[in-house]
1. Where the accessible area of the chain is counted over protein heavy atoms with a 1.4 Å probe, how much of it, in %, is carbon and sulfur?
2. On the Cα set of the stretch 40-79, report Rg and Dmax in Å, please.
3. Work out the FRET efficiency for Lys54 and Asp126 from their Cβ-Cβ distance, taking R0 = 25 Å, and round it to the nearest 0.05.
4. If you take all C-alpha pairs in the chain, what percent of them are over 26 Å apart?
5. Starting from the eigenvalues of the Cα gyration tensor, five times each then square-rooted, give me the equivalent ellipsoid semi-axes of the stretch 87-134, largest first, whole Å.
6. Divide by every residue of the chain the summed helix terms, -39500 (n - 2.57) for each DSSP H run of at least 4, and state the resulting mean residue ellipticity at 222 nm, rounded to the nearest 500 deg cm²/dmol.
7. Residues of the chain: accessible area per residue at 1.4 Å, in Å²?
8. If you filter the stretch 36-109 for trypsin sites (Lys or Arg not before Pro), then keep DSSP loop positions with at most 12 other Cβ within 10 Å, what is left?
Amino acid sequence: MAFHIIEIVRTDFKTARPADELNSRMQRLLKMPHRYGPARLAIGRSLAIAPQPKLSTSFTGYGKAIKGENLFGIGEDLATWVTLIVEHAGNPDLDRADFQSLVAAHWSRGIYALWEDWRATAGDFDFFMAKLADRAGGRRLARASR
């Protein structure tokens, strides 16, 4: 890795403006107190998708920044996120700018995947969260009938 992990704490991370706006919408829908909540879910969701994400070059700019310490935490949390992102990239020689680009792309792809998951669960919070947990475990979940 061409940068020190502690640099991530002080680095700003942002994604495409439309993805950031959807991030804010998901924050409100999920009643999360911080912008990094849905961003973390989005990055994790994207990491579950095999090919590398690409950030569209046709977007209208970047959204608001989140400091690395807020987005990834510190200590073991930070190390875990960095490891997952670098491992997914398959390139241990990323520099800081490459890492920021990967985060932006994962965040963008992931927030749209989360939005589709939300829509597929018809806005049922409990089912949405169960579906996310189920995906993390690699199983399929059948929606409970009411």
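The values are calculated or read from the model by the stated rules, or taken from the named source; none is laboratory data. From a predicted model like this one, the values you see are computed outputs, not experimental measurements. Here the Cβ positions follow ideal geometry from the backbone for every residue, glycine too, while neighbour counts run over all protein chains shown. Heads up: the accessible areas ignore ligands, DNA and RNA and are worked out on the full protein's heavy atoms, side chains in. Shrake-Rupley method; radii C 1.70, N 1.55, O 1.52, S 1.80 Å.
1. Summing carbon and sulfur atoms, their accessible area is 53 percent of the total for the chain.
2. Final numbers for Rg and Dmax: 12.7, 36 Å.
3. Efficiency, rounded to the nearest 0.05: 0.15.
4. 24 percent
5. Ellipsoid half-lengths, sorted descending, are 30, 11, 7 Å.
6. My calculation for the chain gives -19000 deg cm²/dmol from helical runs alone.
7. Here the residues of the chain average 56 Å² of exposed surface.
8. Lys54
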